[in-house]
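Chemist: Submitted below is the structure of interest, expressed as structure tokens.
The values are calculated or read from the model by the stated rules, or taken from the named source; none is laboratory data. Just so it is clear, the model here is predicted, and its values are computed rather than measured. Glycine gets a Cβ as well: all are built from the backbone with ideal geometry, and neighbour counts include every protein chain shown. Surface areas here come from the heavy atoms of the whole protein model, side chains and all, with no ligands, DNA or RNA. Shrake-Rupley method; radii C 1.70, N 1.55, O 1.52, S 1.80 Å.
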Amino acid sequence: MSVPLLQINNLSIEFNTRRGNLVAVEDISFEVAEGEIFGIVGESGAGKSLTGKAIIGLLEAPGRISGGKILLNNERIDNLPYEQMRRLRGKSIGMVFQDPLTSLNPLYTIGRQLIETIQTHTNHTATQAKNRALELLREVGIPAAEKRIDQFPHQFSGGMRQRVVIALALCVNPKLIIADEPTTALDVSIQAQILTLLKNLCRKHGTAVILITHDMGVIAETANRVAVMYAGKIAEIGPVREVVQNPQHPYAQGLMASIPVIGRKMKYLAQIDGSMPRIAERPSGCAFHPRCPHAIELCNKQIPELLNKGKTKAACLLFRNGNP
Amino acid sequence: MSSETPLLKVDAVQRFFDVSKPWLNRVLANEPKLLLKAVDDISFSIRKGETFSLVGESGCGKSTVARLIVGLYPTSSGSIEFEGTDFSTLSKRNQMAPLRRRMTMIFQDPYTSLNPRWRVRDIIAEPIRAFGLTNTGGISGSRLQIFNRVAELLEQVGLSAADGDKYPHEFSGGQCQRISIARALASEPDFIVCDEPTSALDVSVQAQILNLMKNLQRELELTYLFISHDLAVVYHVSDNIGVMYLGRLCEIADKETLFTNPRHPYTRMLFNAIPDINMSGKERIPVSGEVPNPIEPPSGCTFHPRCPIANERCKRERPELQIVDSHSQVACHAIEEKRNMEVHFI
């Protein structure tokens, strides 16, 4: 593999507030290859969604990128002027949001929204755009597309709406789709349909996906590689199988153990005591050390870097000098 | 499922909501009344000390059942008995209060179920005051008693007594849920209805809350009705499980039976859809179709349009819950007729 599709180098995101700078995401780096499904998991407030928004240039003030680079096809996209970024958005990077009802305009028909997006990014005539829109709706599995194209979002069910949103994200064949909690608002049975759809479409078109979620089950069956985020940093990154079944970082271990599994009988779930520190109250050194069962003295002084450990990389001082 | 009197018995309960247009419009347009059958003829019972779970997709009526039981909605028909006393026979508040005190509820969203203008201490003390659960006379004496009781409750759920002075917004989601639990425990209940208590929480916090609930159940001999759409959580907490679809129960079984040998086609579909965290490589078979509109439910068995083994009888005749063996009850014609369904499910 030559140059990866997307490179994030030492990205930091800050919020300037009256009470000083709050660093929400600190010095994270990862790469996404073409056609890959890359998962980002973590608890709420870990910085997953901010990372996704930073990539597509939708950070809301006062949030801003305070350091690092985002490269798409080896070109920097984090410092593009607004107009250029607007053209890139949708054309090269698509986005699927959590709530399909709020990400569609309730006053326009589905067809009009699709056609508008297609015409913004291509030179299609109205008829060509409409045909493309119909083709997309069929592709995402909406029955009776000819009839449905003239309907409004409220006439669709949750799962169908999310299919429309996926069609919108795919409409000009972007290289990358950022899916921020695409199935959280849906029932398990519909969730399975949507994930299968997303996976198949991306395989077919060679689209890479960044899948942001808090649900390890979704990651386990969809993603190729995964990053576990904690308090604005990547705690562990590696192939899904390794991270899910054999996590190395103490936080990732605690997280995996706290998920109830069908068929595994136990009286109590393993739990990590305490909760993730708020953004203004992050401890010094490794942010996880106050809750970590293996913490050593050094942990509250030194910020750990991502170190190779087995097949994954974990940011933990325990692994320095190739220790256990 | 056992001969002793159950703590809670729900018998043929129905709850309809009138969703028709305003009277005048309806009469002018000559339209009939429209009824949404949120809960349609449901029966189950819960023994003391057990955890009974209701699972199902959104809109299947799980939460309505919860609200019917605690009395937030009146039933349209059917009876709910608590330790053998039918609620519908009690009409006066002072007759109902002693029973109502013994059943409380924990809601899904911890932020909206706590009054943001009240201090945590007052939130937790409200049931104590409402039910007059102090025994010493005199206002100052009972005030001190309430203060101590609230402190005790806060510590019981893993918070500190000093947290009573704070307001709900000062707490995280998990801590708010602990406060909700403390409030539920304040009236010294025997039975707690938990409506999706952990769905709004992160997994690591969810584990803390579930462990806390289990501990409390053991210490205080509580009985839970647990409502959730997360099957893994349900597997972890329950003794018996009821699966709901469009306002009806389609299967009731104990946990082991249900998860090792699900019978109803809907239960099987639901289980097939669970994300596989063990990555055994098994392909998920997505459930085809969606939940139909509950205002115009399909005829006969409401699941028949999505069911791979449905036949003419399923379209005509509504199946009733039937006892299959000592562990489970299923409402399905295919099970009764012993149709072969193995070809459709793995």
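Chemist: For the range B:12-22, which positions are more than 15 Å from B:T64 (Cβ to Cβ) and either in a helix (DSSP H, G or I) or polar (S, T, N, Q) (or both)?
Modeler: Of everything in the range B:12-22, just one residue is more than 15 Å from B:T64 (Cβ to Cβ) and either in a helix (DSSP H, G or I) or polar (S, T, N, Q) (or both), namely B:S20.
Chemist: Here's a follow-up. Would you check if there is a residue in the range B:219-228 being assigned to a helix (DSSP H, G or I), more than 16 Å from the chain's Cα centre (by Cα) and among the aliphatic types (A, V, I, L, M)?
Modeler: Yes: one or more hits.
Chemist: Further, regarding this structure: Going through B:V19, B:V39 one at a time, which residue ends up being surrounded by fewer than 16 Cβ atoms within 10 Å (Cβ to Cβ), among the β-branched types (V, I, T) and touching a Leu at 6+ places or on another chain (Cβ under 7 Å)?
Modeler: Answer to the selection: B:V19.
Chemist: Counting just the residues of the range A:304-324 that are touching a residue at least 60 places away in the same chain (Cβ under 8 Å) and among the charged types (D, E, K, R), which one comes out least open to solvent (accessible area, probe 1.4 Å)?
Modeler: A:K309
Chemist: In the range A:222-240, what count of residues is obtained for those that are farther than 12 Å from A:F288 by Cα and at pLDDT 90 or above? Before you say what the answer is, go through the steps one by one.
Modeler: To start, the set of residues in the range A:222-240 that are farther than 12 Å from A:F288 by Cα comprises A:222-228, A:236-240.
Okay, now just the ones that are also at pLDDT 90 or above, so A:223-228, A:236-240.
Count: 11.
Chemist: Any chance you could count how many residues in the range A:233-254 are within 7 Å of chain B (Cβ to nearest Cβ) and either touching a residue at least 60 places away in the same chain (Cβ under 8 Å) or among the β-branched types (V, I, T) (or both)?
Modeler: 1
Chemist: Is there a residue in the range A:130-146 that is over 23 Å from the mean Cα position of the chain (by Cα), within 11 Å of chain B (Cβ to nearest Cβ) and not in a helix (DSSP H, G or I)?
Modeler: Yes, there is a match, as at least one residue in the range A:130-146 is over 23 Å from the mean Cα position of the chain (by Cα), within 11 Å of chain B (Cβ to nearest Cβ) and not in a helix (DSSP H, G or I).
Chemist: Could you list, in sequence order, the residues of the range B:222-241 that are within 13 Å of chain A (Cβ to nearest Cβ) and among the hydrophobic types (A, V, I, L, M, F, W, C)?
Modeler: First, the residues of the range B:222-241 that are within 13 Å of chain A (Cβ to nearest Cβ): B:226, B:228-239, B:241.
Selection gives B:F226, B:L231, B:A232, B:V233, B:V234, B:V237, B:I241.
Chemist: What residue, among those in the range B:160-198 that are within 14 Å of another protein chain (Cβ to nearest Cβ) and open to solvent by 30 Å² or more (accessible area, probe 1.4 Å), is nearest to B:L72 (Cα to Cα)?
Modeler: B:R178
Chemist: Still on this structure: When the range B:88-112 is examined, which residues are found to be more than 19 Å from B:Y224 (Cα to Cα) and within 19 Å of the chain's Cα centre (by Cα)?
Modeler: Here is the first cut: in the range B:88-112, the residues more than 19 Å from B:Y224 (Cα to Cα) are B:88-97, B:111-112.
Scanning the range B:88-112 gives a single hit, B:T112.
Chemist: From (1) open to solvent by 50 Å² or more (accessible area, probe 1.4 Å); (2) on the phi > 0 side of the Ramachandran plot; (3) touching a Gly at 6+ places or on another chain (Cβ under 8 Å), pick out the condition that doesn't hold for B:G59.
Modeler: (3)
Chemist: Specify which of the listed residues (B:A232, B:A253) is under 14 Å from A:I262 (Cβ atoms), touching a residue at least 12 places away in the same chain (Cβ under 8 Å) and not in a loop (DSSP other than H, G, I, E, B).
Modeler: Every option except B:A232 fails the conditions.
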